[in-house]
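K.L.:
One structure is given below, represented as structure tokens, and several questions about it will come after.
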Amino acid sequence: SVNPDLASERQTASFCVERLTALLDGGAEQTQIRRAVVEAIESDPVFSRENQYFQTQNERYEAAVRKAVHLHKKMHEMGWTENGPEYKYIYRALSGDVAFLLHRVFMRSISVLGSDKQIAKWIPLASQLKLIGSYSQTELGHGTYLQGLETTAVFDTATQEFILNTPKISAMKWWPGDMGRSATHTVVFAQLYIHGKCYGIHPFIVQIRSLQDHSLCPGITAGDIGPKMNFEHTDNGYLLLKNVRIPRENMLSKFCEVRPDGTYVRQGSQKINYFTMTTVRISLIADEVLTPLMKACTIAIRYSVVRRQSKLKPGEQEAKILDYQTQQEKLLPQLAAAYAFHFTNDYLQELFNRGYREIQRKNFDMLPELHALSSGFKAVITQHCTAGVEICLRACGGHGYSLLSGLPSLYTKILASCIYEGENTILLLQTARFLIKCFMAASAGQPVPPSVTYLAAVKHGKCPAKNKLDFLSPDIYTEAYQHVAVRLTSSTAAKLQDLIQSGVKKHDAWNQCTVQLVQAAKAHCHYIAVKNFAETVEKLETKAGIQKIMKHLCDLFALHGIFSNTGAFLHDGYTSAAQMDMVTASYLDLLAVVRKDAVPLVDAFDFTDKSLNSALGSSDGHVYQRLYEWAQKSPTNQMSPAYERYLKPLLHNTLSKL
Amino acid sequence: AAAMSVNADLRRERAAATFQPELLTHILDGGPERTRRRKEIETLVLNDPDFQHEDLNFLSRSQRYEQAIRKSSLMVMKLREYGIADPEEIYWFKSFVHRGRPEPLDLHLGMFLPTLLTQATPEQQDRFFMPAWNLEIIGTYAQTEMGHGTHLRGLETTATYDPSTQEFILNSPTVTSIKWWPGGLGKTSNHAIVLAQLYTQGQCKGLHAFIVPIRQLGTHEPLPGITVGDIGPKFGYDEMDNGYLKMDNFRIPRENMLMKYAQVEPDGTYVKPVSDKLTYGTMVFIRSLIVGDSARSLSRACTIAIRYSAVRHQSELKPGEPEPQILDYQTQQYKLFPLLATAYAFHFVGAYIKHTYNRISGDISKGDLSELPELHALTAGLKAFTSWTANAGIEECRMACGGHGYSRCSGIPDIYVTFTPSCTYEGENTVMMLQTARFLMKSYTQVTSGQQVTGMVSYLNDLSRQRIQPQHVAARTVTVRINDPSSLVEAYKSRAARLVESAAKNLQAELNHRKSKEDAWNRTSVDLVRASEAHCHYVVVKLFTAQLAEVSDAAVRAVLTDLCLLYALFGISRNAGDFLQAGILTSAQITQVNQHVKELLAAIRPNAVALVDSFDFHDVHLGSVLGRYDGNVYENMFEWAKKSPLNKTQVHESFHKHLKPMQAKL
């Protein structure tokens, strides 16, 4: 039976939970497919994660390899294919706790960067797991700044081979997943040299382990890079190359080729390739960023209606902690952000699909805008959601600190997303570069892409709100966000120009403005997220209470953003001090409104208990019993040698001599 | 690796510093003599082969516990052997032995023994103290339960007095009443001081402390009626056996209730304690330690991130030039230098509270409790303010180290997971902020009813003078000079006054609408927390500014002044809305503040490495490959990784177990 404190929350839902789930999935049929995949995975004991929190790094790695191998079989059994509708739900159902994820990246990079001949040779081998691939780009000394990579590949015309080397310690490949222990092959990015001339970074397929006994190939040093905050199931590795020779045919040559005589030939446009890299940033948002935040909200909100602490009214029962305004203020904005970014993600997906179609027609006009949006939103969403998960963790007090709450693992995993696929600060600066360029163009009366046309319409009005209810009008707050975004971009552009005109070199001026530029890029993304949420709400079905509750969340998302960054909105007097008091009042009122639907809103995310893997967040609300029973299974409760070795001598008077 | 010379970048950084780091170290330690003694103890511990062991990052949780207990027992013996008895020196010794991590005897040494000293009768001390001192008895302090933490009155464990046998019967009546979290309870302790609701003669007399044996002396097996164990894996605290304890009709003699203050007589008659304010003292003391700990943990993270940022080169600033140190990027400075300034600020706050506590604990022992409520309110807020800020700051330092920060070799993950529980323990931070707010509201009410208040809240007195004008307090003009720390103190003071007043007015408005005081309080609590934060922020800026006058060396004073300004101005920049809304600063002034922050970043840049060197963390204590004093980062990352458990064999057993059989089938 369900804990009555949780059950009562569900009885008062103002909307139909199942309808909302279907909306999030993109249709009821999708929900059905997803549930079938989850059911198939969770009913299979090989995929169980119950013991995960008790396992060592070695055990986690072994389990992940076992699961990957088993998954290969399972997909066959179930008739799931990589192009089928089930495929995208498998990873979510496994909570990512599986090996050979980089194997997929290995295959994709061959498909995108390889010639038809190379694809025909390598893809069948890889898809049957006759070899295990990895993707080696990052080095000890260089990450996001790719031109700085130091690994070399020198072409030897005499033998028709490339000679690969790690010339110094900082050039060692470092971090690639699946490479520490598993991979037999990897795509290595190296500086290509022909006849002493450097042609920049190119990809090469290198075999690193024997297909017979898995021992390292000659000239290869590889291993695991050691324990991390999370991803213990993944063998992130290092790779040192010493005069490793590979045939000329192993350079991936869809765009660039080295002819037998050493002639370097560039062919076709790389733009499509560039587009593929950009889409990766968007594709990670759903599984790697939104899912963890949604799970964390589910856990923290369910726990907050089960946990009772202190009294709100004398003589009454202790209150649910979610009834405290301070607890609502921590959790409900995170819930609103999870929904807001879900819809942002839908918007981006649609935009990218459109972009893909255009690019196939050889129209590359959308590329700069797509690049700017993917960079900025990758940074803003990962940062926002990571902070959100941590807030959920700390909102659960002491029990949140237990691994059994599930929250520490969600946090340590999501926070890696702020770094991989481009470090966030650098990405925001790329978005800022686009904004400044577009702002200048717009000021000069030139056309700019749709997402930035607002930059042209600089208005110097004041916020028209007269009372706190006005701030529940999307026009009012969207306008305020727009105003801030325009102000930050235009003032930074002006500052840049001033500096350059006063004789400061362009790059110095840029560095001196980077703090402001980052703020401008964030404001731009925040504005688009608010605007998109408001527009989405307008189009929603009015039935079943869906639109109403989504409107509340949209308001909450927008007003929380203003409330926690009042300076930006007060600056230049767009919003007055009195209006800011109205924002605060409306914002606090909204907390109490959304509070009533908090549990149904997390139920709509539709996570199974197994997928949450949390003692605090399960759907029946039996928190304490589960925590107690689970803790007893901890290996530390088996007999420890510490007593015999250290405690016994200690307790038996070793010290009384003193 | 040990023989390698110092990285050229770090050598250049140190040569370019404008001040002598040792002089600043002396200030942080409280004088050259304290620095000398600290280093003496550091050498004693770090050169002792008994305290060496494998890198803890490569050990399982059980192994880490085992190492910790081994070191703890040696530590107790050696402390006595060396005759180290000064509390601060014990703290250093322990911190070097355990490298800043918790250890299983923490609760025995830090709570069990002191509680015996303060709350046990002389007879009880005779029975328990010497065995506990000699570690025949190892005890813990079992207060928190599964269902209740900071809200102590909600604890459910019962101790019912049975006059017929003159025993207390202890029970855990519900699942939620199981004791949960006490350190050292899971595996180490054989006794616990248990807090339980006392029932005698059919009446509940509230929470009292009882000495409860939990494991058999000799076999260490749990006693009948006792269920005890480890609560399982956590985010951090791997070396600590945080435990659970369930009691079923477990009987202890009447003499096991700690009876220095309250008593139960043989017939069950209850004798009330004289005053309960005394327990405040311990809380103030422990929370003041957390303030110091916030400073130290943030200092460690800054040391790592700033040294690494001076060693790491990336991308290009000027076309055609070599890759610059990442510390030369404005965005990187903007992430790290305000945190560096914060670490210094919190250090001085910690020193202030410790000093104040020592001063007034003399008064307390003479029975003068007058200053206690304010100190209590102040430490509650500062505990929350500093631990929240440091918690976020440590994470920012880690993020500033990019991918390598995520590796355990950076040491920052460990600092974070060890530190983050301080936001929860010894009083959950939001609850702490609301306690400070209660004091602020009380002081505000006093002022509005015409009384004067003293101490850190005396700025509220100014509000009554403003009262003649019907306007918002915001209407008054303050001339803020953004280059002058003392003028910024005034700006922070105005902000605090404004937010306290606004919270008080909102609270009053809620009270006018509703009946229940609690309900009105709850509906104002977001405002109340903001008011407390503003108050604490003001106190920190004030104390940092006051410190500047104490510094005699001009070069050190100059660099500390820059840090103090950066701390204050960055805080304004981040909370610009508060200053704008209250009319303390204009938009034009905020723009100047933002500009000045950037100038200060550039001014601090040449001294950044020297400023973290001044914290004077030994490499072993720092526990970071990225933050090494010699800066030889990459070579040592490789050396470190080779020792990873996954690298124990050349071919991992998973190959034989899973990969090979599968490939054979295909």
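K.L.:
Given a Förster radius of 45 Å and the C-beta distance between A:Glu538 and A:Asp581 as r, what FRET efficiency does 1/(1 + (r/R0)^6) yield to the nearest 0.05? Write out the running numbers ahead of the final one.
P.N.:
On the way: r = 28 Å, r/R0 = 0.62.
So the FRET efficiency works out to roughly 0.95.
K.L.:
Return, ordered by residue number, the residues of region A:544-563 whose backbone nitrogen is under 19 Å from a label point located 7 Å along Cα→Cβ of B:Arg574.
P.N.:
Hits in region A:544-563 for B:Arg574 at 19 Å: A:561-563.
K.L.:
Report the normalised scattering of the protein assembly as shown as log10 I(q)/I(0) at q = 0.07, 0.08 Å⁻¹, calculated by the Debye formula with identical scatterers on the alpha carbons.
P.N.:
-0.76, -1.02
K.L.:
Quickly estimate the mean residue ellipticity at 222 nm for chain B, helices only: each DSSP H run with n ≥ 4 gives -39500 (n - 2.57), and the total goes over all residues, rounded to 500.
P.N.:
Details: 24 runs with 353 residues, N = 666.
Calculated at 222 nm, the ellipticity per residue is -17500 deg cm²/dmol.
K.L.:
For the residue pair B:His618 and A:Ala36, what label-to-label distance in nm results when each label sits 7 Å from Cα along the Cα-to-beta-carbon direction?
P.N.:
For the pair B:His618/A:Ala36, the computed spacing is 6.4 nm.
K.L.:
Also, quick follow-up: With a cut-off of at most 16 other beta carbons within 10 Å, and DSSP calling the residue loop, which trypsin sites (Lys or Arg not before Pro) in region A:339-388 qualify? Please list them.
P.N.:
The qualifying sites are A:Arg361, A:Lys362.
K.L.:
Okay, next question. Just to be sure I understand: if I project the alpha-carbon convex hull of region A:103-267 onto a plane and average over all orientations, what area do I get in nm²? Don't skip to the answer; put the middle values down first.
P.N.:
On the way: hull surface 38.2 nm².
Across all orientations, region A:103-267 yields a mean hull projection of 9.6 nm².
K.L.:
With charges set only on the Cβ (+1 for Lys and Arg, -1 for Asp and Glu), what does the dipole of chain A come to about its Cα centre, in debye to the nearest 20?
P.N.:
Working: 70 positive and 61 negative charges, 182 e Å.
I would put it at about 880 debye.
K.L.:
Rounded, prolate or oblate: which one fits chain B, using the alpha carbon gyration tensor with axes a ≥ b ≥ c (rounded when a/c is under 1.5, else prolate when a/b beats b/c, else oblate)? Could the numbers behind the result be given before it?
P.N.:
Working: a/c = 1.81, a/b = 1.10, b/c = 1.64.
Cα axes put chain B in the oblate bin.
K.L.:
Further question: How would you rank A:535-548, B:344-357, highest first, on the average number of other Cβ atoms within 10 Å across their residues? Provide the component values of the computation, followed by the final result.
P.N.:
On the way: A:535-548: 14.6, B:344-357: 21.9.
For the peptides A:535-548, B:344-357, the packing ranking is B:344-357, A:535-548.
K.L.:
Looking only at region A:83-101, which residues have a backbone nitrogen under 19 Å from a spot 7 Å from the Cα of A:Ser127 in the C-beta direction?
P.N.:
In region A:83-101, the label zone of A:Ser127 (backbone N under 19 Å from the point 7 Å along Cα→Cβ) covers A:83-91, A:100-101.
K.L.:
Follow-up. Between B:Gly367, A:Leu312, B:Ala120, whose Cα lies farthest towards the positive end of the dipole of the protein assembly as shown when Lys and Arg beta carbons carry +1 and Asp and Glu beta carbons carry -1, centred on the Cα centre?
P.N.:
Comparing the listed Cα positions along the dipole, A:Leu312 ranks first.
K.L.:
Calculate one ³J(HN,Hα) per residue across region B:639-649 by plugging θ = phi - 60° into the Karplus curve 6.51 cos²θ - 1.76 cosθ + 1.60, and present them in order as whole Hz with x for glycine and proline.
P.N.:
Values per residue, Gly and Pro as x: 4, 5, 4, 4, 8, 4, x, 5, 9, 4, 10 Hz.
K.L.:
Cα gyration tensor of chain A, axes a ≥ b ≥ c as square roots of the eigenvalues: rounded (a/c below 1.5), prolate (a/b > b/c) or oblate?
P.N.:
Values: a/c = 1.75, a/b = 1.14, b/c = 1.54.
Oblate, since a/c reaches 1.5 and b/c is not below a/b.
K.L.:
Starting from the Cα of B:Thr227, step 7 Å toward the Cβ, then list every residue of region B:160-175 with an amide N under 20 Å from that point.
P.N.:
Under cut-off, by backbone N: B:160, B:169-175.
K.L.:
Amide H to amide H under 5 Å from A:Val244: which residues, 5+ apart in sequence or cross-chain, H placed 1.01 Å off N in plane?
P.N.:
For A:Val244, whose amide H was placed from the backbone, the distant partners under 5 Å are A:Leu164.
K.L.:
Over all pairs of distinct alpha carbons, what does the Kirkwood formula give as the hydrodynamic radius of region B:137-273, in Å?
P.N.:
When all Cα pairs of region B:137-273 are included, the Kirkwood radius is 15.1 Å.
K.L.:
Output wanted: per-residue J couplings in Hz (rounded whole) for region A:109-118, from phi through Karplus 6.51 cos²θ - 1.76 cosθ + 1.60, θ = phi - 60°, x for Gly and Pro.
P.N.:
Couplings: 5, 5, 4, 7, 9, x, 6, 4, 5, 5 Hz.
K.L.:
How big is D for region A:87-183, in µm² s⁻¹ as a whole number, if Stokes-Einstein is applied with the Kirkwood radius of its Cα pairs at 10 °C and 1.306 mPa s?
P.N.:
Values: Rh = 15.5 Å.
Calculated translational D: 103 µm²/s.
K.L.:
Continuing with this model, one more query. B:Glu599 versus B:Arg153, label points 7 Å from Cα toward the beta carbon: distance in nm?
P.N.:
Inter-label distance under the simple model: 5.4 nm.
K.L.:
Follow-up question, since we're still on this one. What average number of partner chain Cβ atoms lie no more than 10 Å from the Cβ of the residues making up B:215-222? Kindly include the intermediate steps, with their values, before the conclusion.
P.N.:
Details: counts 3, 0, 2, 3, 2, 5, 0, 0.
Partner-chain Cβ atoms within 10 Å, mean over residues of B:215-222: 2.
K.L.:
Counting only DSSP beta bridges with both residues in the protein assembly as shown, what percent are antiparallel, rounded to the nearest 5?
P.N.:
On the way: 65 of 79 bridges.
So the antiparallel bridges amount to about 80 percent of the total.
K.L.:
Is there a quick way to get the dipole size of chain B? I mean about its Cα centre, with the Cβ of Lys and Arg at +1 and of Asp and Glu at -1; what is the value in debye to the nearest 20?
P.N.:
On the way: 70 positive and 70 negative charges, 265 e Å.
Roughly 1280 debye, rounded to the nearest 20.
K.L.:
Further, regarding this structure: Using Cα-Cα distances under 8 Å and only pairs 6 or more residues apart, what relative contact order does chain B have, in percent? Show your work: numbers first, answer last.
P.N.:
On the way: 995 pairs, mean separation 102.9, N = 666.
Reported as a whole number, the value is 15 percent.
K.L.:
Restricting to Cα pairs below 8 Å that are 6+ residues apart, what does the relative contact order work out to for region A:103-267? Please round to a whole percent. Numbers along the way, then the final one.
P.N.:
Working: 369 pairs, mean separation 40.5, N = 165.
The value is 25 percent.
K.L.:
Over region A:103-267, what is the percentage of antiparallel beta bridges among all DSSP beta bridges, to the nearest 5? Please report the intermediate quantities before stating the final value.
P.N.:
Numbers: 31 of 38 bridges.
Expressed as a percentage, antiparallel bridges in region A:103-267 total about 80.
K.L.:
With +1 assigned to the C-beta of every Lys and Arg and -1 to the C-beta of every Asp and Glu, and no other charges, what is the dipole magnitude of region A:410-549 about the Cα centre in debye, to the nearest 20?
P.N.:
Details: 16 positive and 10 negative charges, 37 e Å.
My answer is approximately 180 debye.
K.L.:
Would you mind ranking A:His507, A:His142 so that the residue whose beta carbon has the fewest other beta carbons within 10 Å leads the list? Show your work: numbers first, answer last.
P.N.:
Numbers: A:His507 13, A:His142 22.
Sorted ascending by nearby Cβ count, the order is A:His507, A:His142.
K.L.:
While we're looking at this one, here's another question. For A:Cys256, what residues show an amide H to amide H distance below 5 Å, using hydrogens built from the backbone and excluding near sequence neighbours?
P.N.:
Residues meeting the amide H criterion: A:Gln267.
K.L.:
May I ask you to evaluate 6.51 cos²θ - 1.76 cosθ + 1.60, the Karplus curve with θ = phi - 60°, for each residue of region A:202-217 and list the ³J(HN,Hα) values in order in whole Hz, giving x for glycine and proline?
P.N.:
Calculated HN-Hα couplings, in order: 9, x, 10, 8, 10, 7, 10, 10, 5, 7, 8, 10, 6, 6, 5, 6 Hz.
K.L.:
Using amide H atoms built in the peptide plane, which far-off residues or other-chain residues are under 5 Å from B:Gly206 H to H?
P.N.:
B:Leu198
K.L.:
Looking at region A:139-232, what % of its DSSP beta bridges pair antiparallel, to the nearest 5? Before the final figure, lay out the partial values.
P.N.:
Details: 16 of 19 bridges.
Roughly 85 percent of the DSSP beta bridges within region A:139-232 come out antiparallel.
K.L.:
Only counting other Cβ atoms within 10 Å, I'd like A:Val448, A:Val265 sorted with the fewest neighbours first. All intermediate terms of the calculation are to be shown ahead of the outcome.
P.N.:
Details: A:Val448 20, A:Val265 10.
Listing A:Val448, A:Val265 from fewest to most nearby Cβ atoms yields A:Val265, A:Val448.
K.L.:
At 7 Å along the Cα-to-beta-carbon direction for both A:Ser502 and A:Glu59, put a label point, then send me their distance in nm to one decimal.
P.N.:
Rounded to a tenth, the inter-label distance reads 6.2 nm.
K.L.:
So, R0 is 30 Å and r is the distance between the beta-carbons of A:Lys311 and B:Thr454; what FRET efficiency does that work out to, to 0.05?
P.N.:
On the way: r = 32 Å, r/R0 = 1.08.
Efficiency for this residue pair is about 0.40.
K.L.:
First select every other residue whose beta carbon is under 14 angstrom from the beta carbon of B:Leu382; then total the charges, Lys and Arg +1, Asp and Glu -1. Working shown, then result.
P.N.:
Numbers: positive: B:Arg287, B:Lys354, B:Lys383, B:Lys542; negative: B:Asp293, B:Glu374, B:Glu426, B:Glu533.
For residues surrounding B:Leu382, the net value is 0.
K.L.:
Same structure, new question: With 10 angstrom as the radius, rank A:Tyr628, B:Tyr308 by how many other C-beta atoms surround their C-beta, starting from the fewest. Can you show the working numbers first?
P.N.:
Numbers: A:Tyr628 20, B:Tyr308 26.
Starting with the residue having the fewest Cβ neighbours, the order is A:Tyr628, B:Tyr308.
Every read-out reported here was derived from the displayed coordinates using simple, explicitly stated rules and does not represent laboratory data. Keep in mind that this is a model prediction, so the values were computed, not measured. Don't worry about glycine lacking a Cβ; one is built from the backbone with ideal geometry, like all the others, and counts go over all protein chains shown.
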